[in-house]
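Bear in mind these aren't lab numbers, they're just calculated from the coordinates by the rules spelled out. Quantities reported herein were computed from a predicted structural model and do not represent experimental measurements. Backbone-built Cβ (ideal geometry, glycine too); neighbour counts: all protein chains shown.
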Amino acid sequence: MLKILIFLFLDVLAFSGVLISTLPFLIHEYGGNILLITIIFGSFSFFQFFTSPFWGSLSDRFGRKPLIVLNCFAEILANLILAISGSLLMIFLSRIIAGLFKNNVSVGTAYIADITTKKNRAKGMGLFGVAFGLGFTVGPLLGGLVAGSNFTIMTLANVAWIACAINIFNLLF
């Protein structure tokens, strides 16, 4: 179970480090206003809302691991697009791709339910909560440290490159 918990921690760390700490600044650097920041942020959740049941059904049919691997590839692609983005449209595209494929948290939760006994399931879900919370705590801190205080497109893109590296590590892990 430790392996999936580390995986989920790193997945959330990469996601939150890019989105929470730097994405609004990157959108602003490209001329986006508050409304556009909100739309781009919301696009991820919008697409995830509609695709999550699909991914859940596929993970029941084909297994958890193939879906987690597919998601890692999609996250690498989305973060790569974000890292090299030269426009608001590319940033928007990266968030749409991420929203369409992001399923590691729900599939990871199902995986934990699969590998734990009924007696240990609450403990497993509690540890999942710890991994998730820790990722959301450390991710923005890491993103902010990498971006620094002088936000430029280059320093903000570095955070997306780090998210790519974390996703690649997770894929190989």
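Rounding to the nearest 10 and keeping the result within 0 to 90°, find how far the Cα-based axis of helix 121-147 lies from the longest principal axis of the chain.
Helix 121-147 sits at roughly 20 degrees to that axis.
What number, rounded to the nearest 500 deg cm²/dmol, is the helix-based mean residue ellipticity at 222 nm of the chain, given -39500 (n - 2.57) per DSSP H run of at least four residues and division by all its residues?
Helix-only estimate at 222 nm: -29000 deg cm²/dmol.
Give me the extension gain from ALA165 to ASP60: residue separation times 0.36 nm, minus the current Cα-Cα distance, reported in nm with one decimal.
34.9 nm
Rank the residues VAL138, VAL130, VAL159 as a footprinting-exposure proxy: fewest other Cβ atoms within 10 Å of their Cβ go first. Before the final figure, lay out the partial values.
Numbers: VAL138 16, VAL130 13, VAL159 28.
Ranking VAL138, VAL130, VAL159 by Cβ neighbours within 10 Å, fewest first, gives VAL130, VAL138, VAL159.
Tell me the relative contact order for the chain as a rounded percent, counting alpha carbon contacts under 8 Å between residues six or more apart.
Once normalised by length, the contact order is 45 percent.
Please identify the longest segment of the chain free of exposed trypsin sites (Lys or Arg not before Pro), where exposed means a DSSP state other than H, G, I, E or B and no more than 14 other Cβ atoms within 10 Å.
The longest uninterrupted stretch comes out as 1-117.
Please pull out the direction-averaged projected area of the stretch 98-162, using the convex hull of its alpha-carbon atoms, in nm² to one decimal place. Please list the in-between numbers first.
Values: hull surface 22.0 nm².
Over every viewing direction, the Cα hull of the stretch 98-162 projects on average to 5.5 nm².
If I take the Cα coordinates of the chain and project them onto the principal axes, what are the three extents in Å, biggest first?
Largest first, the chain extends 52, 30, 27 Å along its Cα principal axes.
Distance between the C-alpha centers of the stretch 96-122 and the stretch 1-60? Whole Å please.
Measuring centre to centre over Cα atoms gives 16 Å.
With each pseudo-label sitting 7 Å past Cα toward Cβ, what's the LYS118-MET1 distance in nm, one decimal?
1.7
Mean shadow of the stretch 65-129, computed from the convex hull of its alpha carbons, in nm²?
With the hull built on Cα positions only, its mean projection is 4.8 nm².
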